[in-house]
Structure formats: structure tokens, C-alpha cells
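Okay, structure first, notes after.
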Amino acid sequence: MKIQLQNCFVAAICFFLFMANFNAAAQPSGNTNYGIWQSTSEKINVVYYRINGRLANFNWKEIEVAPNVWDWKTFDSIFTDLSDDGIPFVFMIYTKEDAPDWLFTNGVPKVIVRDPSGNVNGYAPYYIDDDYNFYFKRMITTVRQHVESLPSSVRNQVVAVQACFGSTGDPISYKGTVEPQYDLTIAQFDSLFHVFSAYYYNEYMNSSPKIYLLSNTANDGKDDMNWLMNNC
């Protein structure tokens, strides 16, 4: 799989299984680099496996354990471990069910999500809520600031961040039906995707060495990709 990382680093990320938990990817700045990237799993030894990079996932609730109270122990440990053999890596922060529970006692409505049979299959923050927007953007900024503060031996191996707006790297959505008062139109989801994507991009725009923005625009792929290319 060939991924071209440009200034806005817009790519429809298609992480697929290759052998056991490995993916193809490429390096930023328009360079072409065919090879294997390790997906989230136990770190493998590059002496025995030829890989070109790694992916690390984190849950927002495990980092911001209380409002503006941050626990970086596991985050830093994983970053340090991934960088110790000089292999570049990408990271992402999940929200939706992986958002902190304290959001829901600090003004953010908890939206119950149901499958077509009416069974509860998850929950999500009310994405359009002003409090959620404030907390989510603060998380993006604080994580970026922390990554920039890491020792250069660790920081310089971080080549990209994927902007995650749900429980995976998918575009923002509920993935089910919700109560009418929390329902959002496709246009509203697209607007949130634009707002949050632009915020992510602006946070990392001046990073040095460059941390590029990865984005999954699959729900409205071509139109959202064109928006990102034109506005970031």
C-alpha cells in the first residue's frame, strides 16, 4: 500500500491485515517507501522482521484521568519503547467510548447508541456539544505539547498523528441510531470533521521535525479529502 504524505498529510488510511498485525505504509514529505509497518501489538524485533515503522493507539480516558489531570506514564513508556531502535511511528488518540467518563459529569451529554434491532451497542459524547468541543480541543493541544517536550531521541521518531474522532480512526459518526434530540445530520458530522481536522492540523503545522496529519475520509471520501487539501 502506498501512502503519500503531503503538507496536509491527507490519506485515506486503509490498515489491513498482512501476516499478523502488519500493515504497509510510507514515509512523509512525498517520499515513496514500500514496506511493512507494524500495527498495534507487542513490539517485534527489527533484526528478524524488516519493518519500516509502527503504529501506536491510546485511549483519551487513560491519559486525561480527571479534568486537566494528565497521566503520561504509559504514554511515555510506549513512546520510549517504540523509538529505541530508530524506527519511525504514528500515533492516535481514541475518543467515543474511549473518552473519559468525567466528561459526562462535566456538562457533556452521554449519547446511547443502538443497533438496528434496538440493542445498545455503545455510547458516545454528544459531539456537537460546546463542552465536548472545549475538552476535545484541549486534549489535542495538551498531547501535542507533551509530545514536543519528549527527549529528541523519542520525539524525532514521531512522524505522524492520525486525527481520530471516534473509537477508531474512522470519520466522526455514532455508528448506530440515537435518541432524536442527539441525532446529527450528515452535514453536521461533516462540519465537525472539518472543524476538528483543521484544529489537529493547525496544532501540528509548525512541528519540527514535522509531525504530519493522517486522516480517514472514508464516509465522504472524495469531498472531504478535497476540503482538507484546500483548507489545510
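Here are the numbers:
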quantity	calculated
Local electrostatic count at residue 168 - Lys and Arg +1, Asp and Glu -1, tallied over other residues with Cβ under 12 Å	-1
Counting DSSP beta bridges with both ends in the stretch 85-187, the antiparallel % (nearest 5)	60 percent
Surface share of carbon and sulfur [accessible, 1.4 angstrom probe, percent] for the stretch 110-202	51 percent
Selected from 147, 187, 87, residue furthest toward positive end of dipole (the stretch 40-197; charges at beta carbon)	87
For the stretch 150-232, accessible area per residue (1.4 Å probe, heavy atoms of protein chains only), Å²	45 Å²
Accessible surface, 1.4 Å probe, highest first, among residues 138, 50, 114	50, 114, 138
Hz values of 3J(HN,Hα) by residue in the stretch 193-198 - Karplus curve (6.51, -1.76, 1.60), Gly and Pro given as x	4, 5, 4, 5, 5, 5
Solvent-accessible area per residue, Å², over the stretch 72-125 with all protein chains present [probe radius 1.4 Å]	43 Å²
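The values are calculated or read from the model by the stated rules, or taken from the named source; none is laboratory data. Bear in mind the structure is a predicted one, so any value in this text is a computation, not a measurement. Heads up, the Cβs are rebuilt from the backbone with ideal geometry, glycines too, and the neighbour counts pull from every protein chain shown. Accessible surface is based on the protein model in full, side chains and every heavy atom, while ligands, DNA and RNA are left aside. Shrake-Rupley method; radii C 1.70, N 1.55, O 1.52, S 1.80 Å.
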